[in-house]
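The values are calculated or read from the model by the stated rules, or taken from the named source; none is laboratory data. Not measured: the values here are computed from a predicted model. Quick reminder, even Gly has a Cβ in these numbers, built from the backbone with ideal geometry, and neighbours come from all protein chains shown. Heads up: the accessible areas ignore ligands, DNA and RNA and are worked out on the full protein's heavy atoms, side chains in. Shrake-Rupley method; radii C 1.70, N 1.55, O 1.52, S 1.80 Å.
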Amino acid sequence: MRRGITATALVATLALAATACGGDDESGGSKSSGELSGTVTWWDTSNVGSEDKVFKKIAEGFEKKHPKVDVKYVNVPFGEAQNKFKNAAQAGSGAPDVIRSEVAWTPEFADLGYLAPLDGTAALKGEGDFLKQAAASTKYKGKTYAVPQVIDSMGIFYNKKMFADAGVQPPAKIADLKTVAEKIKKKTGKTGLYLRGDDSYYFLSFLYGEGGDLVDADAKTVTVDNAAGVKAFGVVKDLVDSGTAKTDATDGWENMMQSFKNGDVAMMINGPWAVADTLTGKEFTDKANLGISTVPAGSAGQGAPQGGHNLGVYAGSKNLDASYAFVEYMTSVEAQAQTAGELNLLPTRTSAYSKKEAVDSEIVQFFKPVVETAVERPWIPETGSLFAPLNVEYTKVLTGQTTPEKAAKATGDSYRKLLKGWK
């Protein structure tokens, strides 16, 4: 009898080595008979309680198609996955066959030799159908090391009823954001915006809005500490100091989501990945109460980061054929249409946008043009490591522990230590 998906909770240690991961003998499979077999262990980093259920269900479809393959599903907390994968791959034990990688992790993993090149494999079936901007993060030194699963960007989520009560419209510019927040406070007593303070990814829209960026990869120059970077730090500090926004120093995701879902704030900055969770809140039992608009523009214009997730295959996998086939299945048009319909996640395949599920999703239709103009991060091995020092200074600015000038300088100094030889 075919085994169903094995859902495994990730515990404190990498005891996964004992559960048939990529480096274990039991995961070995064969295609000599023309039929895939063996085990494929997949580390999924999606949100628990919403996204994970759908991805597990899709993976079960792969097992039905390939009854001799056992998919072992492991949900790894997003904040832990990057280092856990590197540690397991370096040790040569406990790494999965397939990992759901944040787009910035892919070039790092490839540079370290932990991902199998996918060119010419079944994983890249229909390669020409992928959005150009989605495929960009999968390339490193002329080879393809992952397949794009979802692409995303950010916008302002807002409570339509609260906006109607205050007689305001979604803010187009930072100045509008402050005005809208003042009116909401006066009419409803609620804070305008929850600005997540422990994750500097939420700072990028403000940095881009002032014409700044983290680095200039082509010129090998650090730019986060230039005038635009300092100004962006000043913008977020003013949002908190003026009372436009409330923030936090720890557990930012949970605090932000609960505040917005419970109606304690009128707005938050977030992306498509947050929609399913948001709709579980009491303020959004009527889904129509959730509004989404573009992130307010800064002095240089409107900007939002390009994000998303790729599926990569561990170079040390003992079941490469089944792993390639699994990646192809999970990134197929049908799978992407399903996630668009059930989770409002944006496809990475052009043809998936013509599917009914994507066409009928207002969230997908809103974010599609946002993604098309989103700002790409530099696809260098160090990109994923740029956020740690930025997180420290971003939080310190928002909580009044440092100035924008000092924060920008400290971040720039950290970057130059990380990026040897950069200006």
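Per the conditions (1) touching a Lys or Arg at 6+ places or on another chain (Cβ under 7 Å); (2) over 24 Å from L343 (Cβ atoms), the sole criterion not satisfied by A172 is (1).
Touching a residue at least 24 places away in the same chain (Cβ under 8 Å) and in contact with a Cys (Cβ under 8 Å, 6 or more places away or on another chain), is that true of G94? Yes.
With respect to the conditions (1) among the polar types (S, T, N, Q); (2) open to solvent by 10 Å² or more (accessible area, probe 1.4 Å); (3) under 24 Å from I380 (Cα atoms), S37 falls short on a single one, namely (3). On the basis of being of a type in the set (A, V, I, L, M) and at pLDDT 95 or above, does A175 make the cut? In short, no. Condition check: at pLDDT 85 or above, open to solvent by 30 Å² or more (accessible area, probe 1.4 Å) and either assigned to a helix (DSSP H, G or I) or among the hydrophobic types (A, V, I, L, M, F, W, C) (or both). Does V48 satisfy that? Taking the combined requirement at face value, the residue satisfies it. Taken over segment 114-132, the criterion of being of a type outside the set (A, V, I, L, M), closer than 21 Å to G384 by Cα and crowded, with 19+ Cβ neighbours inside 10 Å is satisfied by Y114 alone.
Considering only segment 278-306, state which residues are in a strand (DSSP E or B) and open to solvent by 10 Å² or more (accessible area, probe 1.4 Å). Residues satisfying the conditions are L290, I292, S293, T294, A297, G298, G301.
Of the candidates G281, G252, the single residue that is of a type in the set (G, A, S) and under 23 Å from I363 (Cα atoms) is G281.
Assigned to a helix (DSSP H, G or I), without any contact (Cβ under 8 Å) to a residue 12 or more places away in the chain and under 15 Å from the mean Cα position of the chain (by Cα): does that describe G128? Judged against the criteria, G128 is not a match. Of all positions in segment 68-78, at least one carries a residue that is open to solvent by 40 Å² or more (accessible area, probe 1.4 Å), part of a helix (DSSP H, G or I) and not acidic (D, E).
Within segment 178-205, the set of residues being open to solvent by 40 Å² or more (accessible area, probe 1.4 Å), among the hydroxyl-bearing types (S, T, Y) and in contact with a helix residue (DSSP H, G or I) (Cβ under 8 Å, 6 or more places away or on another chain) comprises just one member, T188.
Considering segment 43-82, the residues that are within 22 Å of L279 (Cα to Cα) and among the aliphatic types (A, V, I, L, M) include one that is nearest to the chain's Cα centre (by Cα), namely V48.
Per the conditions (1) assigned to a strand (DSSP E or B); (2) surrounded by 22 or more Cβ atoms within 10 Å (Cβ to Cβ), the sole criterion not satisfied by M256 is (1). The residue of segment 83-113 that is most open to solvent (accessible area, probe 1.4 Å), among those that are of a type in the set (A, V, I, L, M) and within 13 Å of Y145 (Cα to Cα), is L112. Only one of the numbered conditions (1) touching a residue at least 60 places away in the same chain (Cβ under 8 Å); (2) open to solvent by 40 Å² or more (accessible area, probe 1.4 Å); (3) of a type outside the set (K, R) is not met by E210, and that is (2). Considering segment 136-177 alone, what residues qualify as being open to solvent by 10 Å² or more (accessible area, probe 1.4 Å), farther than 25 Å from Q365 by Cα and in contact with a strand residue (DSSP E or B) (Cβ under 7 Å, 6 or more places away or on another chain)? If the condition is that a residue be open to solvent by 10 Å² or more (accessible area, probe 1.4 Å), farther than 25 Å from Q365 by Cα and in contact with a strand residue (DSSP E or B) (Cβ under 7 Å, 6 or more places away or on another chain), then Y145 is the only one that fits.
The conditions of being farther than 19 Å from Y114 by Cβ, surrounded by fewer than 19 Cβ atoms within 10 Å (Cβ to Cβ), basic (K, R) and in contact with a strand residue (DSSP E or B) (Cβ under 7 Å, 6 or more places away or on another chain) are met by K56.
So that you can scan it fast, the table gives a plain yes or no per residue for (1) among the hydrophobic types (A, V, I, L, M, F, W, C); (2) touching a Lys or Arg at 6+ places or on another chain (Cβ under 9 Å):
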{"site": "K84", "(1), (2)": "no, no"}
{"site": "N87", "(1), (2)": "no, no"}
{"site": "L112", "(1), (2)": "yes, yes"}
{"site": "D129", "(1), (2)": "no, yes"}
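Exactly one residue among V240, V265, V275 is touching a residue at least 60 places away in the same chain (Cβ under 8 Å) and either surrounded by fewer than 20 Cβ atoms within 10 Å (Cβ to Cβ) or acidic (D, E) (or both), and that residue is V240.
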